[in-house]
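Undergrad: Would you mind keeping the following structure in view while I ask a few things?
Computed from the coordinates by the stated procedures, all read-outs in this text should not be read as laboratory data. All of these numbers come straight from a predicted model, not from anything done at the bench. We place every Cβ from the backbone using ideal geometry, glycine too, and count neighbours over all the protein chains shown.
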Amino acid sequence: MIHQYDEPVYLISIVSKLLDIHPQTLRQYERENLICPSRSNGRIRLYSQRDIDKIKLILRLTRELGVNLAGVDIILRLKDNVDEMEKEIAELRHEVQNAKNAHSVSPDKALVTTRSIYDMIIFEEK
């Protein structure tokens, strides 16, 4: 039986065995708001494939890269922001392409795109 990517079907015991992780660790991730599994009517945690993939990312960050849970939270938030911006950029590119194809911009006018420049400033303690 094939399930949808976001369909919550996996019990905590199955996820913990799949990922070789203690169920308490999964509960800790939930307390830290890193994951948010669905709940059945009987309040049983149910995980989707999306949840499992997110847990895999958390495990990679903590086990392989040594990131603590506060750092994981920041990374996940930044990743969500980047994903959202990439989606918005793709939509805007699609709109620009549609405008070009529809010739809504007259051929004698230029369609100009600009890029923002971000500077990073690093302060050293003295």
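Undergrad: So how do R45, R31 line up by other beta-carbon neighbours within 10 Å, fewest first?
TA: R31, R45
Undergrad: Further, regarding this structure: Whose amide H sits under 5 Å from the amide H of I35, counting only residues 5 or more places off or on another chain, with H placed in the peptide plane?
TA: E30
Undergrad: Mind giving me the FRET efficiency for N81 and D20? R0 is 30 Å, r the Cβ-Cβ distance, nearest 0.05 is fine.
TA: That pair, N81 with D20, gives E of 0.50.
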